[in-house]
Every structure is written in C-alpha cells, then in structure tokens.
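The values are calculated or read from the model by the stated rules, or taken from the named source; none is laboratory data. Please read these numbers as outputs of a predicted model, since none were measured by experiment. Methodologically, a virtual Cβ is constructed for each residue, glycine included, from the backbone with ideal geometry; neighbour enumeration extends over all protein chains shown.
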Amino acid sequence: MGTVWHCQAVTSANIAGAVRQGSLRELNLAVVLGRIATADRPPSRAAIAADTGLTRATVSAVVDDLIAGRLVAEVDPEPRTGAGRPARGLRLAADGPAGLGLEINVDYLAACVVDLAGAVRHHEVRRADLRPLSPTEALARLVELAGRARAAADRLGLTLAGATLAVPGLVDAHGLVRLAPNLGWRDVDVPALLAGHPPLTGTVDGVPALTVDNEANLAALGELHAVPGTASFLHVSGEIGIGAGIVLDGALFRGARGWSGELGHVPVDPAGPRCRCGGRGCLETYAGQEAILGAAGLAGADLPADTAARRLADLASAGDPQARAALHAAGTALGVAVAGVVNLLDLDTVVLGGGYATLAPWLRPPVATELTARVLTAAWSPVSVRAAALGPESAVVGGAGAVVRRIVARPSGWLGRRE
C-alpha cells in the first residue's frame, strides 16, 4: 500500500502556536518538515527557503538535523535540459520512526505498522471470537500480535514511536474502557493490563506510548487524512457493532465527554428486538453484521465474519434474492438512522467503513434513498454516500497514522530522544 494520508499544511496559526510553545529551532523543524510532508513532489532546500521565508543557511541546517534524525531522506533530482545542476529533492524517510496500530474487536485482532510517509509496511489480522474471553485473555493475544508487528518493524529498519489501540466501545481520556457492550467489557483499565509489555508502556516525548481510543473515531481520522478535501463527514464502521466517527471542519468531534458516535444504539424501532446494550430496536439489531448474515440465511455458517461478508457479497453479486433483500433491509435501517445525524449536523458526506466497505455496492442505494427522502436539504444539496478509502482497515491504519502525525507536527520531540 502507498501513502494513506496527507499531513496538514503548516499555517500562520500553526506557526504562532509553535512560537508560543517552543523554541525557534522547534518552530523551524516543524515548518520545514511540514513543507516536505505536504509537497506534491520532493522539494529542494532552495524551494523550501523560498516558500517559508527562512534563509537558505537555516533551511540547510534544519534539513541536516532532520536527515540525521531519520525523518527526511534525499532523492535524486528529476532530469532537466536547462543549464546548471538540478537540486536534490527531499521526502519523508521510509526507514525512520513508525507508528503501531492495534485493534481489538468482537471477532478479530489486528496490528499494522505505518511509516512516516503513511505507507503500511506490515499488516496482520487474527480471526477469533473474543466474546468468551476475559479482557486479560483477549489482551494477552493482542500482546502476541504486537510483538510480531514489532519484530516486523525491526526487520524493516523501522523504530516504533508509539502505539494506538482501537476498541469498539466508550473510552475515557486515560484509556479506561468504560463500556464495550459487544465484548462484554465494563470499566477495563487497558493500560494497566498491558503494563510491562513494550512498546505498549512508558511515555514517548511526554505522551503515553500507548493511546487507547474508540475504533470508529480512529477510522474517521484515518479517512480524514486519506482523502484530502473531505472536511466534514460521518464515517460509519459496520462490524458486529456499529460505530460512527464524526468529522466537522477537518476535526474529529468527540462530544462533551469524548463518547460521541454511538450510532449503533440509535433506536430504529423502540418496540424492536432487544439489543445487547439493554435497549430495544437499536440499529445494530437491524444492520449489524450478525443481523445481516442471519437475514441472508448465513447465520450459523461457522465462518469468520470477514469470510461471511465476502460470501454475502458474492451471493449478492450473483443476484441471490435473499442476500440482496437482507442488504436492502439493512441499508434502509442504516439510512433512517444516518438521516437523523445528517439533519442534525448538516453533513454532506457519509462514508461506509469497516465491514460495510465490502458491502457498499448493495448498501449504498437504500442508504441514499432514505437520505433523499428524509434529509430536509437533500433536494438542493444532496448527500454523498461512498465506501471508505481505507476499507475495513480504517481503524487500525488510522491508529498507526495518529502516532506518526504527532512526529510530523512536532519533530523536535523525536529528535530530542536521539540526542
């Protein structure tokens, strides 16, 4: 996989904030690295000086520091026919720091390593129903997966700079999983249970080496940086549970306590079937993966969820009437719930991620139909519905990307570790 996100450009507001928070050297490092990260093609030192207003001598010194710190690499110049020697370009290093993304979900564990340029260098998924396991047992399996990812990073010459874990539930600012109903978790202190397992413990530049966040939020952040220009959207992650990440004006909206996006527990029918959360008629009972597979006649097929989803997609593609009816009913329920969010927040894009990305060709039409019928502004401002650019890997890739974006935003922290 190639570059999976685009870094935010350095603006005058970013610069002013950096001046208040750090030294001139820290500012110059951030400005130069930000310019390299956002360039369409590898810029030369002279081009960076011209774009930023820094002197050539300053840019050259900063670039030397970034190269020594394995944040930047030089590339050969493109051939040209004019006079003079063409300048060498600069790009983000592919063999420096990297982010570790981890995900624990109802029926799988995942790990990936993403380098500074956003390329996925390692990705592994382990399929298993984690509901019968205790949190300690499930996290022990995650540690094994993280260890293999770390070994892969070592073989690639990469240094893990931190890790982000995606969990399908309510996570507070300290990494405590308050509630993950589909896993049966309540008040699980994930950082404490992972204590003593590098690279999941300690701090990196004053930030905990391990950050725990809601999987839908991380998926939305991954999508935000994978698709430039999509500033406001709803990212819906469809697994056994259903979560949503809300992005407004280029920033993730977390809500007052950080727990926004529980779309799966929006009631579609208050008199509907009982949900795992204790309520009735929640969206998950109509459009969660198990509900869709059951309606399609695939319940009890003893297949991993990803295999069952592909089987369902194959049946729908072949025109199987039961599979198509199940997907249409799920898309209709999903469209009803999403329309309420769109009306409330005035969003123009809905992204279908997680397992929904695979099933998007059949879910998108009924979702779009409900949005057209229920969104008040749809007649003159239609809502776009599309599959996630990162597909089912959005959360784990988004988590790894969050680690390296911190380095791009503040390279002095990484360089300080190496001095």
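Against the conditions (1) in a strand (DSSP E or B); (2) more than 28 Å from I67 (Cβ to Cβ), V106 satisfies every one except (1). Taken over region 350-360, the criterion of being under 19 Å from V227 (Cβ atoms) and in a helix (DSSP H, G or I) is satisfied by Y356, A357, T358, A360. Within region 323-340, can one find any residue that is of a type in the set (A, V, I, L, M, F, W, C), in contact (Cβ under 8 Å) with a residue 12 or more places away in the chain and assigned to a loop (DSSP other than H, G, I, E, B)? No: zero hits.
Summed over region 235-268, the residues that are within 17 Å of V212 (Cβ to Cβ) and hydrophobic (A, V, I, L, M, F, W, C) give a count of 2.
Can we say G147 is small (G, A, S), at pLDDT below 95 and assigned to a loop (DSSP other than H, G, I, E, B)? Answer is no for this residue. Of all residues in region 238-281, those being of a type in the set (K, R) and either under 25 Å from G398 (Cβ atoms) or modelled with pLDDT under 90 (or both) number 3.
In region 331-346, the condition of being touching a helix residue (DSSP H, G or I) at 6+ places or on another chain (Cβ under 9 Å) and of a type in the set (D, E) is met by no residue. Cβ-Cβ distances below 9 Å connect the following pairs, each with a first residue in region 189-200 that is closer than 13 Å to A163 by Cα, a second residue that is among the polar types (S, T, N, Q) and not in a helix (DSSP H, G or I), and a separation of six or more residues or different chains: P191/T201; L194/T201.
Would you confirm, using the coordinates I've provided, whether P132 is surrounded by fewer than 20 Cβ atoms within 10 Å (Cβ to Cβ) and in a loop (DSSP other than H, G, I, E, B)? Spelling it out, P132 is indeed surrounded by fewer than 20 Cβ atoms within 10 Å (Cβ to Cβ) and in a loop (DSSP other than H, G, I, E, B). Number of residues in region 235-252 that are crowded, with 16+ Cβ neighbours inside 10 Å and more than 19 Å from L334 (Cβ to Cβ) equals 1.
Whenever a residue of region 157-186 is assigned to a strand (DSSP E or B), its partners that are of a type in the set (F, W, Y), lying with C-beta atoms within less than 6 angstrom and at least six residues away or across chains, give the pairs L170/W259; V177/W185. Can you tell me which residue within region 348-364, out of those that are closer than 16 Å to S237 by Cβ and of a type in the set (A, V, I, L, M, F, W, C), is surrounded by the fewest Cβ atoms within 10 Å (Cβ to Cβ)? Looking at the filtered set, the residue picked out is A360.
Between A333, A329, A325, A308, the distinction of being out of contact with any strand residue (DSSP E or B) (no Cβ under 9 Å at 6 or more places or on another chain) and surrounded by fewer than 17 Cβ atoms within 10 Å (Cβ to Cβ) belongs to A325 only. Where helices (runs of 4 or more DSSP H) fall wholly inside region 1-78, the ranges with 1 or more residues that are surrounded by fewer than 20 Cβ atoms within 10 Å (Cβ to Cβ) and modelled with pLDDT of 85 or more are 24-38, 45-52, 56-68.
How many residues are over 13 Å from the mean Cα position of the chain (by Cα) and of a type in the set (V, I, T) if we restrict to region 98-132? Number satisfying all stated conditions: 3.
The set of residues in region 140-168 that are buried (at least 22 other Cβ atoms within 10 Å of the Cβ), closer than 27 Å to G238 by Cβ and among the hydrophobic types (A, V, I, L, M, F, W, C) comprises L142, A146, A149, A163, L165, A166, V167. Take the conditions aliphatic (A, V, I, L, M), buried (at least 19 other Cβ atoms within 10 Å of the Cβ), touching a Gly at 6+ places or on another chain (Cβ under 6 Å) and without any contact (Cβ under 8 Å) to a residue 40 or more places away in the chain and apply them to V367. Does it pass? Judged against the criteria, V367 is a match. If I filter region 403-410 for residues that are crowded, with 24+ Cβ neighbours inside 10 Å, closer than 21 Å to L109 by Cα and within 14 Å of the chain's Cα centre (by Cα), do I get at least one hit? Yes, region 403-410 has at least one match. Return a yes/no flag: does region 188-200 have any residue that is farther than 26 Å from L345 by Cα, outside any helix (DSSP H, G or I) and at pLDDT 90 or above. Within region 188-200, one or more residues are farther than 26 Å from L345 by Cα, outside any helix (DSSP H, G or I) and at pLDDT 90 or above.
Listed by first and then second residue, the pairs linking a residue in region 28-53 that is closer than 11 Å to A409 by Cα to a residue that is among the small types (G, A, S), with Cβ atoms under 7 Å apart and 6 or more places separating them unless they lie on different chains, are L29/S412; A30/A18; A30/A409; G34/A9. Selection of region 361-395 for residues being modelled with pLDDT of 95 or more, in a helix (DSSP H, G or I) and of a type in the set (A, V, I, L, M) yields L363, V367, A368, L371, A373. If you filter region 282-299 down to residues that are in a loop (DSSP other than H, G, I, E, B) and surrounded by fewer than 18 Cβ atoms within 10 Å (Cβ to Cβ), you find that the one that is modelled with the lowest pLDDT is A299.
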